[in-house]
Amino acid sequence: MGYVEQTLSSDEVVVLKARFHFFQHLASWLALIVLGIVIVGIIIFLRREIRFATTEIAATNHRIVLKTGWLTRRTEELPVQAVEEVSLFQGFFGKLFGFGWLRITGTGEGCIDLPTIAAPMKFRAAIEEARSWKRKDG
């Protein structure tokens, strides 16, 4: 069970968990294959894959969560009712292959920059669904 599931309140539900795009894992493997002869490739591969394995990105009906870290933990959370803007950034290849990153801005100075994820439009829609869910609940 991950961090998000462990910290859910009694009436909180995960709307969507984001995942890293296949190309990011492919880049790790290419670094291992091409640079693996030198220790650099192994280090790049391990750092990237550990980061992917220890990062959780989720939208619940109460909050947006970004948790990173293995030996140490860093979390950024923003209540869904405080979300003012969700900005999507996708380059040509990101749009073509379905990856990009989001900047979620909240009221005041709250801002979460998500790393590059697969299906960012779907995650953006999940945030909007969570916001409308909260409005229905009151």
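The values are calculated or read from the model by the stated rules, or taken from the named source; none is laboratory data. All figures in this text were calculated on a predicted structure; none of them were measured in a lab. As a convention, Cβ positions derive from the backbone with ideal geometry for all residues, glycine included, and neighbour counts pool all protein chains shown. Only protein heavy atoms, including side chains, enter the accessible area calculation; ligands, DNA and RNA are left aside. Shrake-Rupley method; radii C 1.70, N 1.55, O 1.52, S 1.80 Å.
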* With helices defined as uninterrupted DSSP H runs, which ones in the chain have an alpha carbon span along their own long axis of at least 20 Å and mean Kyte-Doolittle hydropathy of at least 0.5? -> 39-53
* **D (Stokes-Einstein, µm²/s), Kirkwood Cα radius, the chain, 1.306 mPa s at 10 °C** => 99
* Using +1 at the Cβ of each Lys and Arg and -1 at the Cβ of each Asp and Glu in the stretch 1-121, identify which of Leu66, Leu32, His21 lies farthest towards the dipole's positive end. => Leu32
* Structure fact -> The extension gain from Trp133 to Cys111, computed as 0.36 nm times the residue separation minus the Cα-Cα distance, is 5.8 nm
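Where in the stretch 62-113 are there GluC sites (Glu not before Pro) that are in a DSSP coil and have at most 16 other Cβ atoms within 10 angstrom of their Cβ?
Working: sites: Glu76, Glu77, Glu84, Glu85, Glu109; in loops: Glu109.
Taking the stretch 62-113 and a limit of 16 other Cβ atoms within 10 Å, the loop GluC sites (Glu not before Pro) found are Glu109.
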* Cα-only Debye scattering, the stretch 58-114: base-10 log of I(q)/I(0) at q = 0.12, 0.18, 0.20 Å⁻¹ -> -0.34, -0.69, -0.80
* Asked: So which trypsin sites (Lys or Arg not before Pro) in the stretch 7-86 are both in a DSSP loop and have at most 12 other Cβ atoms within 10 Å of their Cβ?
  -> Arg73
* To do: Using a 1.4 Å probe and ignoring any ligands, DNA or RNA, find the accessible area of Trp133 and quote it in Å² to the nearest 10.
  => 80
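What's the magnitude of the charge dipole for the stretch 1-128 around its Cα centre, counting Lys and Arg as +1 and Asp and Glu as -1 at the beta-carbon? Answer in Debye, nearest 20.
Values: 13 positive and 12 negative charges, 111 e Å.
The calculation lands at about 540 debye.
Just to confirm, what accessible area per residue do you get for the chain at 1.4 Å probe, in whole Å²? Show your work: numbers first, answer last.
On the way: 8330 Å² over 138 residues.
Per-residue accessible area for the chain comes out at 60 Å².
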* Asked: So what is the calculated 222 nm ellipticity per residue for the chain, using -39500 (n - 2.57) for each DSSP H run with n of 4 or more, over all residues, to the nearest 500 deg cm²/dmol?
  -> -12500 deg cm²/dmol
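Where the accessible area of the chain is counted over protein heavy atoms with a 1.4 Å probe, how much of it, in %, is carbon and sulfur? It would help to have the intermediate numbers written out before the result.
Values: 5010 of 8330 Å².
Using a 1.4 Å probe with all protein chains present, the chain comes out at 60 percent carbon and sulfur.
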* Under 5 Å, built H, 5+ apart or other chain: amide partners of Val14 -> none
